[in-house]
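The values are calculated or read from the model by the stated rules, or taken from the named source; none is laboratory data. It should be emphasised that the depicted structure is a prediction, and the values quoted were computed from it without experimental measurement. Reconstructed Cβ throughout: ideal geometry from the backbone, glycine too, with neighbour counts over all protein chains shown. Just so you know, the surface numbers come from the protein's heavy atoms only, side chains and all, with ligands and any DNA or RNA stripped out. Shrake-Rupley method; radii C 1.70, N 1.55, O 1.52, S 1.80 Å.
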Amino acid sequence: MKEIKKIGVLTSGGDAPGMNAAVRAVVRTGIYNGLEVYGIRRGYQGMIEGEIVLLDTDSVSGIIHLGGTILQTARCKEFFSFEGRKKAYEQLMLSGIDAVIIIGGDGSFTGAGIMSKEFDIPFIGIPGTIDNDLYGTDYTIGFDTALNTVVQAVDKIHDTATSHGRIFFVEVMGKEAGFVALQSGIACGAEGILIPEEKGDLNKIRKYLTDRARRKKSSIIMVAEGEDEGGAISIANKMKEEFPDFDIRTTILGHVQRGGSPSAFDRIIASRMGKDAVEALMDNQKSIMIGVVNGEIVHVPLSKTVKLHKMVNMELLEMVDILS
Ligand code: F6P
């Protein structure tokens, strides 16, 4: 049982609002427990290049409300190779780092899992991604803020859609998952939601548009970027051909969903997860993700969270059919 004295913290993959709150909690909890906490800049790329800096309590002052990540992040191809991970390990050893806390998504956790098998360095993951697609936790840091960003944007689209009697196909992020589309669609009162988890859902839209002729004057259709029928533009073009009388437009929200000041909810779960990650390392835990389930902090083996698929709540999907 190696005594943990120095820990590294990094943010990896797509940035997410609330990552800074998690970094702050890791640093403050580490210092509170007499540890040295090192910031590893630019994710795995910075680990490989030795961009490692000792942090103190002032390093994380005034950041809890900031979107993005003060440590910056990067997607790092070199880390996919053993040589890259070996360089990273050597840099950690040069700094005397005993363990690493990684704030990121499934891709980042996969890399951490591989490295922790090849080298004697404990990793603990904190789920930081707007996609909310990680198995074992109800929420990932950034998801709540992204939902609210989408809702504010789509409420604006709703104004112009009703003014012109238009149908808007709005594309949102989420990688291969439909969590952002499903929950923001419900919150916006969307008439249709297209997600990768529901096969054949475009036929529901066709039916809706057919019936629509007798009903609504404007519609919002949320489209998850990973939808198997294609993105908002290709789906809208198909619908324009099939329903030439309708005034159809598209909006792709893109990286707007990744920014902004984190919501109170995200700040709180990020703070809880950051604190618990340090305490888990001090308890000699490793290769786990810190999650939250039914409001309680849980520990999920990293091997499970990267391998198992998180299901969408089908009850929510059925509710859309009723409410739209
Ligand atoms: O994983 C977060 C995410 O925003 C996904 O929803 C999206 O598909 C991806 O990152 C975009 O990646 P990048 O910012 O590298 O273009």
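How big is the shadow of the Cα convex hull of region 84-171, averaged over all directions, in nm²? Numbers along the way, then the final one.
Working: hull surface 32.1 nm².
So the Cα hull casts an average projection of 8.0 nm².
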- Task: May I ask you to give the average projected area over all directions of the convex hull of the Cα atoms of region 110-153, in nm² rounded to one decimal?
- Result: 3.6 nm²
- In whole Hz, what ³J(HN,Hα) sequence does region 252-260 give by Karplus (6.51, -1.76, 1.60; θ = phi - 60°), x for Gly and Pro? 10, 6, x, 6, 3, 5, 8, x, x
- Task: Kindly write out, for region 130-146 in residue order, the coupling ³J(HN,Hα) from the Karplus curve 6.51 cos²θ - 1.76 cosθ + 1.60 (θ = phi - 60°), rounded to whole Hz, with x marking Gly and Pro.
- Result: 6, 6, 6, 9, 9, 5, x, 9, 5, 9, 9, 5, x, 5, 4, 5, 5
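With a ≥ b ≥ c the root eigenvalues of the C-alpha gyration tensor of region 259-310, is it rounded (a/c under 1.5), prolate (a/b larger than b/c) or oblate? Write down the numbers at each step before the final one.
Values: a/c = 2.08, a/b = 1.32, b/c = 1.58.
Oblate is the answer for region 259-310, as a/c is 1.5 or above yet b/c matches or exceeds a/b.
Among the DSSP beta bridges whose two residues both lie in the chain, what percent are antiparallel, rounded to the nearest 5?
Roughly 25 percent of the DSSP beta bridges within the chain come out antiparallel.
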- Message: Show me, for region 301-308, the HN-Hα J-couplings you get by feeding each phi into the Karplus relation (A = 6.51, B = -1.76, C = 1.60, θ = phi - 60°), rounded to Hz, glycine and proline as x.
- Response: x, 4, 4, 6, 5, 8, 9, 8
- Under a Gaussian network model of the chain whose springs join Cα atoms within less than 10 Å, the largest fluctuation of Ile101, Ile193, Ile157 belongs to Ile157
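Roll a 1.4 Å probe over the protein chains and send me the accessible area per residue for the chain in Å².
Working: 13950 Å² over 324 residues.
Result: 43 Å² of accessible area for each residue.
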- Message: Rounded, prolate or oblate for region 1-134? Axes are the square roots of the Cα gyration tensor eigenvalues, ordered a ≥ b ≥ c, and the cut-off for rounded is a/c under 1.5.
- Response: oblate
- Item | Dimensions (Å) - region 178-222, Cα atoms, principal axes, largest first | 31, 22, 8
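Structure shown: which of Lys2/Lys275; Lys199/Lys286; Lys77/Lys238; Lys207/Lys307; Lys175/Lys304; Lys156/Lys310 lie over 29 Å apart, alpha-carbon to alpha-carbon? Let's see the in-between values first.
On the way: Lys2/Lys275 20 Å; Lys199/Lys286 38 Å; Lys77/Lys238 36 Å; Lys207/Lys307 36 Å; Lys175/Lys304 19 Å; Lys156/Lys310 31 Å.
Beyond 29 Å between Cα atoms: Lys199/Lys286; Lys77/Lys238; Lys207/Lys307; Lys156/Lys310.
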- Residues whose placed amide H lies under 5 Å from that of Leu55, excluding near-sequence neighbours: Val37, Tyr38, Gly39
- Item | Descending semi-axes in Å of the chain, equivalent ellipsoid built from Cα gyration tensor | 41, 18, 17
- Item | Helical mean residue ellipticity (222 nm; -39500 (n - 2.57) per DSSP H run of 4+; nearest 500) of the chain | -13500 deg cm²/dmol
- For region 256-324 and region 115-149, what is the separation of their C-alpha centers, rounded to whole Å? 7 Å
- Spelling it out for Ile288: with amide H atoms placed in the peptide plane at 1.01 Å from N, the residues 5 or more places away or on another chain with amide H under 5 Å from its amide H are Gly125, Leu302
- Query: Under a GNM of the chain (C-alpha, springs under 10 Å), which listed residue has the highest mean-square fluctuation: Leu55, Leu308, Leu194?
  - Reply: Leu308
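Over the chain, with every protein chain in place, what whole percent of the accessible area is carbon and sulfur at 1.4 Å, could you tell me?
Working: 7400 of 13950 Å².
It is 53 percent, rounded to a whole number.
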- Message: So for each of 284-290, 89-95 I average, over its residues, the number of other beta carbons within 10 Å; can you give me the resulting order with the highest mean first?
- Response: 284-290, 89-95
- Query: By the gyration tensor of its Cα atoms, with a ≥ b ≥ c the square roots of the eigenvalues, what is the shape of region 131-283: rounded for a/c under 1.5, prolate for a/b over b/c, or oblate?
  - Reply: prolate
- Note on the structure: Measure of exposure for Asp155: accessible area at 1.4 Å probe, Å² rounded to 10, is 80 Å²
- In terms of modelled amide H atoms, which long-range or inter-chain residues lie less than 5 Å from the amide H of Val170? Ile221, Met222, Val223, Thr251
- Message: Keeping all protein chains in place and using 1.4 angstrom, which order do Val293, Val320 fall into by accessible surface area, from largest down?
- Response: Val293, Val320
